[in-house]
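As structure tokens, the structure follows; a few thoughts come after it.
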Amino acid sequence: METTAVVGAGGKAGLAAAVTSLARLTDELAAILACSPDASERGARNADADPLRAVAGSCLDGLAVVARIEAVTAAAKVRLLANYAQAVDALEAPAKTAYESSAREMSLVAEVACALTVGERAASALLGEAHALTTSLPAALDALHAGKISWQHARIIVDETTGMGIAGAAALEAHFLDPEAPNAARGAAPGELVPARFRRKVRAWRERHHPESLEARHAKSVEDRRMEYSPDRNGMAWVSLYLAADKACAIWNRTSAVARGMQSPDEPRTLTQIKADVAAERLLGNAGHSAGSGPSLKADVLVTVPVFSALDVTEEPAELDGYGPIPASMARKLVADGAGSFYRVLVDPRDGAPLEIGRTSYRLPESLKRWLRMRDGKCTFPGCSNHSQDNEADHLNAWEHGGSTGISNLGQLCPKHHRLKHRTGWTPGPATKNEPPAWISPTGRKYNAEQLDREPTLWPPGCLPEETSPLEAAIVDYLIAC
Ligand SMILES: [Zn+2]
């Protein structure tokens, strides 16, 4: 009952209307499919008309209805998200501190992310978009509900009205969605433009009508400078340079390490900003500043090499921690060159499980930490892809509550999910030697842990895998001793 009051008549009525529209559209789709001439009855139904043409036509009709169903579904999703956020907010007493309020926000986002099986960034964006559409963009939400624009179009409107204020957003909406508005958009309706074209139109309008000058907006955008790294196919990666994975990964890790070394209480820039500055200075040859103030740190990367690949008898790919599979030759080169910043990890040929961390690196490995990095690979929170380098080893069952420091009581958490665990009702379940923990949400839902899909090593031709092979044991002993 309270929920009704909280969600409000508009939200409830909107959802009911969406359900009615969906029912009507699915009936329409069913009717289209029923009329589509079936192969068996083609001849009997209409000897004159081209049956294939009729099939093609009904497929397109069906697609158009499906597109409208998708739009109405998106509108329903928007209302559900907004109502959920409102309901959760109303259920709790007002937050007393900013700390408490940010923890609640994190928990809310995490729950939506898990329920929809999307990343937290996507969930947070969805909640933001739902808030904008239900509060300041009523015409865009109506158009979405009516199937006049797609979800992509709606997102573009949300995106391009960010920072324009209520009046600016209303003016943009009116220009594109109200044909009666003075100087309304001409030509194809927004829903008839592919999203990329629609965005160009909207952006052009925004640049002209934004209440704040481009100069001022640029100054603010500079604050968002950052360096990005993304693994790609075929042993390649981008750091906005398309490079071999080992080089890209090393650039990324080195820059991160230098930037972390430059952080101090007097440093006004964020880590993300410093990282971008360090990379830019180095590329532009202005290395004096960063080289002078940053300690020369070596970034460490784990390279998992199947035993037989390391011996050059198979070409099975190796695994670069934080990147993924790399060619065996690249891994062999890394190991052979004795690159100080790479830790070699051998895997058990029988099941692909990590066997031993190489001892050839520049400092003694903290074996348990590294084992954890091998097992978890990233933050163990569902959907989080925060990579191991910045993460903390955390006791799943706290030390003071009798938790041990064994591998099955440890889990890797990024700083953000570490805070989430301590501040909210999210709890990790137990782990095992080879499995990261599952998570239980504050509502009691269980979200299973992601696990690496390790596979048994490829064996060289003429060599049969046995349970206890003296040859294998000898190879393993030899390699560990190296
Ligand atoms: Zn995380």
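The values are calculated or read from the model by the stated rules, or taken from the named source; none is laboratory data. Because the structure is predicted, anything quoted here is derived from the model rather than measured. We place every Cβ from the backbone using ideal geometry, glycine too, and count neighbours over all the protein chains shown.
Annotations for the structure displayed:
- Residue check for R254: over 22 Å from the mean Cα position of the chain (by Cα) and closer than 30 Å to E319 by Cβ: yes
- Any hit, region 253-270, residues being within 30 Å of M330 (Cα to Cα), part of a helix (DSSP H, G or I) and out of contact with any Leu (no Cβ under 9 Å at 6 or more places or on another chain): yes
- Tally, over region 373-425, of residues that are under 29 Å from V88 (Cβ atoms), more than 9 Å from the ligand (Cβ to nearest atom), at pLDDT below 80 and small (G, A, S): 1
- Residues in region 109-134 that are within 16 Å of the ligand (Cβ to nearest atom), crowded, with 16+ Cβ neighbours inside 10 Å and either at pLDDT below 95 or not polar (S, T, N, Q) (or both): V109, A110, E111, V112, A113, C114, E120, A123.
- Any hit, region 11-33, residues being surrounded by 11 or more Cβ atoms within 10 Å (Cβ to Cβ), at pLDDT below 85 and either part of a helix (DSSP H, G or I) or among the charged types (D, E, K, R) (or both): yes
- Filtered by the rule that a residue be of a type in the set (S, T, N, Q) and outside any helix (DSSP H, G or I), region 64-113 gives a lone residue, T97.
- Residue within region 170-183 that is in contact with a Leu (Cβ under 7 Å, 6 or more places away or on another chain), buried (at least 18 other Cβ atoms within 10 Å of the Cβ) and not β-branched (V, I, T) present: yes
- Just one residue in the set A244, A291, A310 is modelled with pLDDT under 85 and surrounded by fewer than 16 Cβ atoms within 10 Å (Cβ to Cβ); that residue is A291.
- Pairs where the first residue, in region 69-81, is charged (D, E, K, R) and the second is outside any helix (DSSP H, G or I), C-beta under 9 Å, 6+ apart: E70/G147; E70/S150
- Residues that are without any contact (Cβ under 8 Å) to a residue 60 or more places away in the chain and of a type in the set (D, E, K, R), drawn from region 216-249: R217, K220, E223, D224, R225, R226, E228, D232, R233, K247
- Within region 409-438, residues that are over 15 Å from R373 (Cβ atoms) sit with their Cβ atoms under 6 Å from residues that are within 15 Å of the ligand (Cβ to nearest atom) and part of a helix (DSSP H, G or I), at 6+ positions apart or across chains, in these pairs: L420/M106; R423/A103; T424/A103; T424/S107; W426/L420.
- Picking from residues in region 426-456 that are within 13 Å of the ligand (Cβ to nearest atom) and farther than 19 Å from M106 by Cβ, the one that is modelled with the highest pLDDT is P436.
- Selection within region 119-142: residues that are in a helix (DSSP H, G or I) and touching a Ser or Thr at 6+ places or on another chain (Cβ under 8 Å). The member of this set that is nearest to D159 (Cα to Cα) is A132.
- Residue within region 165-188 that is over 28 Å from the mean Cα position of the chain (by Cα), farther than 22 Å from A76 by Cα and either among the polar types (S, T, N, Q) or not assigned by TED's automatic domain parsing to the domain that holds A75 (or both) present: yes
- The lone criterion from (1) under 19 Å from E207 (Cβ atoms); (2) in a helix (DSSP H, G or I) left unmet by N183 is number (2).
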